[in-house]
């Protein structure tokens, strides 16, 4: 189930922060699978009905944090056109946020269900990105572009999770360079299909 939506006011934001912090503290005490809503509400100092006004279950809490992090902190997505007229979809990657918050992020990414849910929802990115090209792509090009984006986004996430969880053994600049080198090159017969590139967030 998805987190309950709606623009939160300050009190709701505070409550959500307490709930998330409670889960992070509880994960130091017991496995994530053993944490109950009662544990969370007791640790956060809130009533059960307050929890359920904001979330359906504990997975929603952690998933909301991760998706907000991807969307607002770690990664931005933009489209650009270079001088050579190649359409490119660019992932702007903020590794400094990851380093600063690696304890929390590693905790979350150790939960298989959450990691799998992130993979699933990240599939929506290719659908939203490729639609901007639909008017100038043939039906076949549209499908190839969609599958290419899906393949590369999930491939990037797999490598990213492995690299990050294992202590970022490769320097981030080299990691990004490797990711870009692994991108599927544009096929000559499909000139309109956008390329993928990962860049580091500028200061």
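Where a number appears in this text, it was derived from the coordinates with a stated rule and is not lab data. Since this is a predicted model, take the numbers as computed values, not measurements. Note that each Cβ is placed from the backbone with ideal geometry, even for glycine, and that neighbours are counted across all protein chains shown.
Note on the chain: with a GNM built from Cα contacts shorter than 10 Å, the maximum mean-square fluctuation among 59, 28, 162 falls on 28.
Rounded, prolate or oblate for region 10-56? Axes are the square roots of the Cα gyration tensor eigenvalues, ordered a ≥ b ≥ c, and the cut-off for rounded is a/c under 1.5. Since a/c reaches 1.5 and a/b is larger than b/c, the shape of region 10-56 is classed as prolate. Axis of helix 112-122 versus longest Cα principal axis of the chain: the two differ by about 40°, to the nearest ten degrees. Take the Cα of residue 166, step 7 Å toward its Cβ, do the same at residue 13, and the gap between the two points is 3.9 nm. Label zone (residue 67, point 7 Å along Cα-to-C-beta; backbone nitrogen cut-off 18 Å) within region 99-128: 108-109, 111-128. Note on the chain: Kirkwood hydrodynamic radius from all Cα pairs is 18.8 Å, rounded to one decimal.
Inverting the mean 1/r over all pairs of different Cα atoms, compute the Kirkwood radius of region 135-203 and quote it in Å. It is 13.5 Å.
Helix 58-69 versus the longest principal axis of the chain: what is the Cα-based angle in degrees, 0 to 90, to the nearest 10? The angle comes out near 40 degrees.
Each of 96, 34, 148 has some number of other Cβ atoms within 10 Å of its Cβ, and from fewest to most they run 34, 96, 148.
For region 153-186, backbone nitrogen atoms closer than 13 Å to the point 7 Å from residue 110 Cα along Cα-to-C-beta are found at 165-167.
Applying 1/(1 + (r/R0)^6) with R0 = 30 Å to the Cβ-Cβ distance of residue 120 and residue 42, what FRET efficiency is obtained, to the nearest 0.05? Could the numbers behind the result be given before it?
Working: r = 31 Å, r/R0 = 1.03.
Once rounded, the FRET efficiency stands at 0.45.
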